[in-house]
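This report refers to the structure that appears directly beneath it.
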Amino acid sequence: MAKLIAALGLLLCSLPLSAMQDAPPDAVAPVTEVTEAVDEKTLHESGFTLLSDLPTKNQISLFDNRFRIDDKVDEITLLLFRRRGSASVVLVKPDGSKIHFNTAEAQQVRWHDASSYDLIQIKNPMPGPWQAIGRLLPESRIMLLSDIQLNVEPLPTNLMVGETVKITARLTNGDQPITAKDFNEVLALEVIFVSTNNADYDNFGRGVVQVAQFRDDGKGYDERSRDGIFTGEFQLKFVAGEWTPKYIVRTPLYTREVEQAPVVLKPAPIVADITAAAALADDKPQQQAIPHQVLFRVTDDSVNAASVLLQGRVRYPSGEIESFALNEPGTSPRELKLHNRGHGSYILEVAAFGEMQDGREFMLNLPEVSFVVNRPVLDAPVLADLPQKVKDEIAAEQAEPVPEFPWGLVIGANLFILFGGGFAIWFVMTDKKLADLQFWRKKDAKAQPVAATAEKNKPATDKNSTNAQKNNDMDDILDLTLPDD
């Protein structure tokens, strides 16, 4: 007789998906540490309690790793948490067939295998009881990602170049924040600005600007970790113009994007007028230095000039850095006097704080302010003020005769080079040899071929007689026979 096991069920508001409530004896045996659960108390002690960090609306508790899918579900995304480093789970369908990680694509199932969870997307799932086989955590639940939404608060309309902007974005699943720790580690919010390519603005043709990326980890500008809210700050350090803000959250199986209405980024509303004083002369260190003057003016009527505060630092030519602050009340331009530290580059980094006319507070970094002070030019002394010794030396130099230029030597050298070069070219082009230049030896060279010809044409008789004579002489010398007597 089959043993009936009481199970818990959960009815979702958006999906007709519930937990399996009975377990027939021929069901596939689970592979987790929890093997049986008879009553609610045992279930609670086994770890199947509702996790405080998971949304409750779109999740189903596991009972012997089983759950049920109703026949009205068109698509389901499962998030199954398991022990870190363990193998991916195996899904058992109501008909007993199995879906593995390596066979999911063939069954039109999208499956992402991470170190601590499986993210599975199934279209038109088979209705009935399903089972997940694997080393699932005792407190594991099947989290249904059915209605993932990304909500981002809109940006102000009166943005300025260099302004630091704070954003707040929420990633929800069925109106509940996604706070699962292992799953949240792979989520990141990407912020980009896309040019509208409006020819009336300076950012025409600028394309896409990657601004920032945030995580819900409690680090950096994020206020709280794993609260389902991305908070961060980024600086608008790009060209003024009309831009479209876009926010993107990517997961292994899907992407959520939010595109807001275009905003106009205005140039910095504060400019600096510089009056640079002359640098001190090196030979007059005791002279009183006149300071340099920098005047900051508000050029945008939408900014409340009386609320503007400035602070920053200046880098002098010597490398010394000095901080300053201009927080005097009033609408008049802010004046900054800098020490005159001689010639060189003066560089100012300035941050402005204030309010817009509509009451919105802002903080922005102004473009770098710099100017160069040139080295002072010393006037040449008057001749009458020079010492007598210097005057005599100048007069002696002027009295010395200037040697004439050796035009003849230059002309002769050029002619020699011209004729020598022409002769060398002729000698090479005509294939002449060095012996051809020794003209006094041409007669002996002609006589040698004539003598050789005469010797060649001697009568053959002379040769024969000569050979006979040689033979006779040889006979006289070599005949060593004795007479018969």
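Label-to-label distance, residue 315 versus residue 133, with points set 7 angstrom from Cα along the beta-carbon direction: 6.6 nm. A cut-off under 10 angstrom between Cβ atoms defines the neighbours of residue 168, and their net charge, with Lys, Arg +1 and Asp, Glu -1, is 0.
Just rank 204, 234, fewest to most, by other beta-carbon atoms within 10 angstrom.
So the residues, fewest neighbours to most, are 204, 234.
Taking other C-beta atoms within 10 angstrom as a stand-in for reagent exposure, 410, 89 fall in the order 410, 89, fewest first.
Applying a DSSP loop filter and a limit of 11 other Cβ atoms within 10 Å to the GluC sites (Glu not before Pro) in the stretch 310-347 leaves 320.
Here the 3J(HN,Hα) profile of the stretch 148-153, calculated from phi with Karplus coefficients 6.51, -1.76 and 1.60 at θ = phi - 60°, is 7, 9, 10, 10, 10, 5 Hz, Gly and Pro shown as x.
Here the 3J(HN,Hα) profile of the stretch 97-111, calculated from phi with Karplus coefficients 6.51, -1.76 and 1.60 at θ = phi - 60°, is 6, 10, 10, 9, 4, 7, 10, 5, 4, 5, 9, 6, 10, 8, 9 Hz, Gly and Pro shown as x. Over 27 Å apart at the Cα level, from the set 98/123; 123/246; 219/266, are 123/246; 219/266.
Exposure proxy shown here: for 80, 309, the number of other Cβ atoms within 10 Å sets the order, fewest to most, as 309, 80.
Packing order of peptides 293-305, 414-426, highest average first: 293-305, 414-426 (average count of other Cβ atoms within 10 Å over each peptide's residues). Annotation note: trypsin sites (Lys or Arg not before Pro) in the stretch 63-132 located in DSSP loop regions with a Cβ neighbour count of at most 11 within 10 Å are 72.
Mind checking the log10 I(q)/I(0) for the stretch 148-266 at q = 0.11, 0.16, 0.21 Å⁻¹? Debye, one equal scatterer per Cα, no solvent, two decimals. Taken in order of the listed q values, log10 I(q)/I(0) reads -0.38, -0.75, -1.13.
FYI, it's all coordinate maths here, none of it is from the lab. Just so it is clear, the structure is predicted and the values come from calculations on it, not from any experiment. Quick reminder, even Gly has a Cβ in these numbers, built from the backbone with ideal geometry, and neighbours come from all protein chains shown.
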